[in-house]
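Working notes for the structure below.
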Amino acid sequence: SYDLDKKTWTNYRLQLTSEAGRLASLACRAGADGTLEVLAIERQFEVSRVLSFHVSAGQPKNDLLPKIVADLAKLIPHTPNYEGIAWLADGHVALIADNENDVPSAGTPMLVLPLP
């Protein structure tokens, strides 16, 4: 995060939940307690998970430990390659994949999940 007054950066490191996973997308919103609520897609081959974590300005710990919200690889056979994530107004989360193999007729897989 960047402090506009002090003109300084605070770096955070998110601990992923697998050895293979990589971050594909983030979605953020203001939390009730002044924190930033973040959702992330962690994916790579057989790994496809939705993670959640919180960040607050000036927090003393820079290592962030996420919670697994959904393990998509366990929910959906042949999980699409989700590239985007967004909070919906009703509290659900939407995920969208790019169309596979650049074939327009393949469609664009989307998924809407309730959050626990």
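Out of T17, T10, I need the residue that is at pLDDT 85 or above, of a type in the set (S, T, Y) and touching a strand residue (DSSP E or B) at 6+ places or on another chain (Cβ under 8 Å). Which one?
The conditions single out T17.
Among (1) more than 16 Å from the chain's Cα centre (by Cα); (2) open to solvent by 60 Å² or more (accessible area, probe 1.4 Å), which single condition is D3 missing?
It is condition (2) that D3 fails.
So which residues in region 30-49 are surrounded by fewer than 12 Cβ atoms within 10 Å (Cβ to Cβ) and in contact with a strand residue (DSSP E or B) (Cβ under 9 Å, 6 or more places away or on another chain), if there are any at all?
Of everything in region 30-49, those that are surrounded by fewer than 12 Cβ atoms within 10 Å (Cβ to Cβ) and in contact with a strand residue (DSSP E or B) (Cβ under 9 Å, 6 or more places away or on another chain) turn out to be A30, D33.
Test S52 against the criterion of being farther than 20 Å from L113 by Cα, open to solvent by less than 70 Å² (accessible area, probe 1.4 Å) and not acidic (D, E), and give yes or no. Before you say what the answer is, go through the steps one by one.
Values: farther than 20 Å from L113 by Cα: no; open to solvent by less than 70 Å² (accessible area, probe 1.4 Å): yes; not acidic (D, E): yes.
When the stated conditions are applied, S52 does not pass them.
In region 15-29, which residues are open to solvent by 70 Å² or more (accessible area, probe 1.4 Å), free of Cβ contacts under 8 Å to residues at least 40 places away in the same chain and either farther than 22 Å from V112 by Cα or in a loop (DSSP other than H, G, I, E, B) (or both)?
E19
The values are calculated or read from the model by the stated rules, or taken from the named source; none is laboratory data. If you're wondering where the values come from, they're calculated on a predicted model, not measured in any experiment. With ideal geometry, Cβ positions are generated from the backbone for all residues, glycine too; neighbour counts draw on all protein chains shown. Just so you know, the surface numbers come from the protein's heavy atoms only, side chains and all, with ligands and any DNA or RNA stripped out. Shrake-Rupley method; radii C 1.70, N 1.55, O 1.52, S 1.80 Å.
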